[in-house]
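Working notes for the structure below.
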Amino acid sequence: MTGTIQAHTFRPRDLIGGHIVIDLVNTVTARDAEPIDWLDGYPRLLEWAALTGQFDPAALTALQRLAETEPGNAALALDRSRELREALHDLITALIHQDAPAPAEAVDQVENHWKHAVASARLTVRGNTPQLQVSVETSGLEYLNHELALQAFDLLRSLPLERTRVCPGLRCGWVFIDSSRGGRRRWCDMATCGNSAKGRTHYQRKRQTASQQGHHQPPNDQ
Ligand SMILES: [Zn+2]
């Protein structure tokens, strides 16, 4: 990804991917134009992780403390998050578009992340479900990367390709899994990209300037 890094306060409407791994991919917006990376620091990654509701708050607090004492390692961990995210983006969009063969570099990177995660993981059995489990204790600042890499592997094996789409909205490019009953969801969010497209149809000239800014960006961003 080439683009700019921009501070962003994550909100629930930024989590529309239908899976946490796809929501990670969507921490970059405007991939169809000049991509904007919203992960402007490790604390932002923690903020995003907290919003997903899929991590133990105590673990996130522990990571925050670790990042404060080891800022250099936190920056490296964030670089790894970005690397995983971009590899997943390239791989998932190649799968959606049925590009064959899948981009080798992306596959190698996902494999590399998954292997690191597994090396830090323990096999646990909860109820009747064996699972690979990582922790801050064993993964340190890489905990989120490890957890996301494990979940990415599960997702990739079961990705519903006919239901996985890229939003065609202007300056969007978000990926999502369409879980609607009819399976005809086209936009990441009807209230933003969908309406924006409708607006362009009806008021193209009048709204040209506003729509060029894209719905994920200021000043339309609230
Ligand atoms: Zn969109």
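The values are calculated or read from the model by the stated rules, or taken from the named source; none is laboratory data. Bear in mind the structure is a predicted one, so any value in this text is a computation, not a measurement. Because the Cβ atoms are built from the backbone with ideal geometry, glycine has one as well, and the counts that use them run over all protein chains shown. Surface areas here come from the heavy atoms of the whole protein model, side chains and all, with no ligands, DNA or RNA. Shrake-Rupley method; radii C 1.70, N 1.55, O 1.52, S 1.80 Å.
Just to be sure I understand: with springs between alpha-carbon atoms less than 10 Å apart, which residue in 170, 123, 24 has the highest mean-square fluctuation in the Gaussian network model of the chain?
The residue that fluctuates most here is 123.
Any idea what the dipole of the chain comes to, in debye rounded to 20, about its Cα centre with Lys/Arg Cβ at +1 and Asp/Glu Cβ at -1?
Roughly 1280 debye for the chain.
Using the Kirkwood formula over every pair of different C-alpha atoms, what hydrodynamic radius in Å results for the range 65-201?
That comes to 17.1 Å for the range 65-201.
Which of 129, 145, 96 sits closest to the plus end of the dipole of the range 1-150, meaning its Cα is farthest towards the positive end, when Lys and Arg get +1 and Asp and Glu get -1 on the C-beta?
129
Over the chain, with every protein chain in place, what whole percent of the accessible area is carbon and sulfur at 1.4 Å, could you tell me?
In the chain, the share of accessible area belonging to carbon and sulfur is 51 percent.
With every protein chain kept in place and ligands, DNA and RNA left out, what is the accessible area per residue of the chain? Probe 1.4 Å, answer in Å².
Per residue, the chain has an accessible area of 53 Å².
Got a sec? Charge dipole of the chain, +1 on Cβ for Lys and Arg, -1 for Asp and Glu; which of 179, 53, 9 is way out at the positive end?
The residue sitting farthest along the positive end of the dipole is 179.
Evaluated at 25 °C with a viscosity of 0.890 mPa s, what Stokes-Einstein diffusion coefficient in µm²/s does the range 61-127 have when Rh comes from the Kirkwood expression over alpha-carbon pairs?
Estimated via Stokes-Einstein, D reaches 175 µm²/s.
Working from Cα positions, state the angle (0 to 90°, nearest 10) between the long axis of helix 57-69 and the longest principal axis of the chain.
Tilt relative to the chain: about 80 degrees.
Just want to confirm a number: the relative contact order over the chain, from Cα pairs under 8 angstrom separated by 6+ residues, in percent.
Result for the chain is 21 percent.
Looking only at 112, 128, 145, which one moves most when the chain is put into a Gaussian network model with springs between Cα atoms under 10 Å?
128
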